[in-house]
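The structure appears below as structure tokens.
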């Protein structure tokens, strides 16, 4: 199985927009959202901001040449701020889950940006909490700190990939 | 329910949906206006 992770180019934005809708569809069931009257989730301007925000880098995930997901990395974590990166959004299509693809993508991102990281999950997203605890625990050999998110909506793990 | 009430309710529901997603992205509690 060949896993490819590459930074998105402007011509990839239409595919990212569509993947984002599938991502939000998954989260709608977790965070209890309705879909908009236009059949779309979220505010298009907010979503478009991901591709133009200079702090954000979008990656497409391909598995054996087939589009399989995306990862958005933010330089300047939501809670820790400057000097820390976070995985802002992370999505692997259901067909490609439970095959180690997400874990490999996460490891490659951590390898690509040595330093401080913050990864957050919603309280209701138990599956993501289990996934990230395992991946971060293995990657850091247990050298990470888990604490409640300041917004009270979940948990986060913080770690430094240079200290493991 | 009147047509006008239905339209207002739909608008509030739509606003709340957008707010729910915006809050998710911005990692903060949502500020719902209704429904």
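The values are calculated or read from the model by the stated rules, or taken from the named source; none is laboratory data. The shown structure was predicted, so the numbers you read here are calculated from the model rather than taken from an experiment. Positions of Cβ are generated from backbone atoms using ideal geometry, with glycine treated the same way; all protein chains shown enter the neighbour counts.
Identify all residues within the range A:49-76 that are touching a helix residue (DSSP H, G or I) at 6+ places or on another chain (Cβ under 9 Å), crowded, with 19+ Cβ neighbours inside 10 Å and either away from chain B (no Cβ under 11 Å) or modelled with pLDDT of 95 or more (or both); write none if there are none.
Passing the criteria: A:58, A:59, A:60, A:61, A:63, A:68, A:69, A:70, A:71, A:72, A:73.
How many residues does the range A:26-38 hold that are within 11 Å of another protein chain (Cβ to nearest Cβ) and surrounded by fewer than 21 Cβ atoms within 10 Å (Cβ to Cβ)? It would help to see each step written out before you state the result.
First pass over the range A:26-38, keeping only residues within 11 Å of another protein chain (Cβ to nearest Cβ): A:27-28, A:30-38.
Keeping just the survivors that are surrounded by fewer than 21 Cβ atoms within 10 Å (Cβ to Cβ) gives A:28, A:30-32, A:34-38.
Residues flagged as within 11 Å of another protein chain (Cβ to nearest Cβ) and surrounded by fewer than 21 Cβ atoms within 10 Å (Cβ to Cβ) within the range A:26-38 amount to 9.
Working carefully through the options A:159, A:79, A:91, find the one that is touching a helix residue (DSSP H, G or I) at 6+ places or on another chain (Cβ under 9 Å) and within 14 Å of chain B (Cβ to nearest Cβ).
Working: A:159 fails: within 14 Å of chain B (Cβ to nearest Cβ); A:79 fails: touching a helix residue (DSSP H, G or I) at 6+ places or on another chain (Cβ under 9 Å).
Within the list A:159, A:79, A:91, the selection yields A:91.
Name every residue in the range A:121-150 that is in contact (Cβ under 8 Å) with a residue 60 or more places away in the chain and either in a helix (DSSP H, G or I) or surrounded by 15 or more Cβ atoms within 10 Å (Cβ to Cβ) (or both), in order of residue number. Working first, answer last.
Looking only at the range A:121-150, we keep the residues that are in contact (Cβ under 8 Å) with a residue 60 or more places away in the chain, and these are A:122, A:124-125, A:149-150.
Once the filter is applied, which keeps residues that are in contact (Cβ under 8 Å) with a residue 60 or more places away in the chain and either in a helix (DSSP H, G or I) or surrounded by 15 or more Cβ atoms within 10 Å (Cβ to Cβ) (or both), the range A:121-150 yields A:122, A:124, A:125, A:149.
Could you check residue A:46 against (1) modelled with pLDDT under 95; (2) assigned to a loop (DSSP other than H, G, I, E, B); (3) surrounded by fewer than 16 Cβ atoms within 10 Å (Cβ to Cβ); (4) at the interface with chain B (Cβ under 10 Å from one of its Cβ atoms) and say which number it fails?
(2)
Considering (1) within 11 Å of chain B (Cβ to nearest Cβ); (2) touching a helix residue (DSSP H, G or I) at 6+ places or on another chain (Cβ under 8 Å); (3) surrounded by 16 or more Cβ atoms within 10 Å (Cβ to Cβ); (4) part of a helix (DSSP H, G or I), say which one residue A:41 fails and leave the rest.
Among (1) within 11 Å of chain B (Cβ to nearest Cβ); (2) touching a helix residue (DSSP H, G or I) at 6+ places or on another chain (Cβ under 8 Å); (3) surrounded by 16 or more Cβ atoms within 10 Å (Cβ to Cβ); (4) part of a helix (DSSP H, G or I), residue A:41 violates only (4).
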